[in-house]
1. Which residue is modelled with the lowest pLDDT, if the candidates are limited to the stretch 78-102 and must be basic (K, R) and either surrounded by 10 or more Cβ atoms within 10 Å (Cβ to Cβ) or in a strand (DSSP E or B) (or both)?
2. Failed condition for I75, given (1) open to solvent by less than 100 Å² (accessible area, probe 1.4 Å); (2) within 30 Å of R92 (Cβ to Cβ); (3) modelled with pLDDT of 75 or more; (4) of a type in the set (A, V, I, L, M), with all others met?
3. Kindly provide the set of residues from the stretch 86-102 that are within 25 Å of K73 (Cα to Cα) and either of a type in the set (D, E, K, R) or within 23 Å of the chain's Cα centre (by Cα) (or both), ordered by number.
Amino acid sequence: MALANVQMHLESAFHKFFREPSAGFPRFKSKKSSRKSYTTNVVNGNIFLEGKYFASLLFCCENQTAEKRPAEKFIGIDFAMQRMCVFSTGKRAEYPMFYRNT
């Protein structure tokens, strides 16, 4: 059934391309940036899910307010393309550039 589903998806992509050229030509999955996926159909109850998944969040809020003081210093931050972050003092944020170094 998985191969039949792939064929149906491809056929619908080509139909959409010929009906609406603005939709663009169907693209293949990329090896670099694709999610692993699998599509199938349930026939006579051959697939079923067991178990339930729950998510819980726990947080604590204290109603203690700090005394407000006037600001002593102000700083401006500019996000630039080369170094990403430039402060009003002239200092630049230094990032480790792991990707570029490798």
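1. At the first step, the residues of the stretch 78-102 found to be basic (K, R) are 83, 91-92, 100.
Applying the additional criterion that residues be either surrounded by 10 or more Cβ atoms within 10 Å (Cβ to Cβ) or in a strand (DSSP E or B) (or both) yields 83, 91-92.
Values: R83: 60, K91: 80, R92: 78.
Restricting to residues being basic (K, R) and either surrounded by 10 or more Cβ atoms within 10 Å (Cβ to Cβ) or in a strand (DSSP E or B) (or both), the top hit is R83.
2. (1)
3. Looking only at the stretch 86-102, we keep the residues that are within 25 Å of K73 (Cα to Cα), and these are 86-95.
Those that are within 25 Å of K73 (Cα to Cα) and either of a type in the set (D, E, K, R) or within 23 Å of the chain's Cα centre (by Cα) (or both): K91, R92, E94, Y95.
The values are calculated or read from the model by the stated rules, or taken from the named source; none is laboratory data. The structure presented is a predicted model; accordingly, all values stated were derived computationally and were not measured. Virtual Cβ from ideal backbone geometry, glycine too; neighbours counted across all protein chains shown. Note: accessible area is taken over every heavy atom of the protein model, side chains too, but ligands, DNA and RNA are not part of it. Shrake-Rupley method; radii C 1.70, N 1.55, O 1.52, S 1.80 Å.
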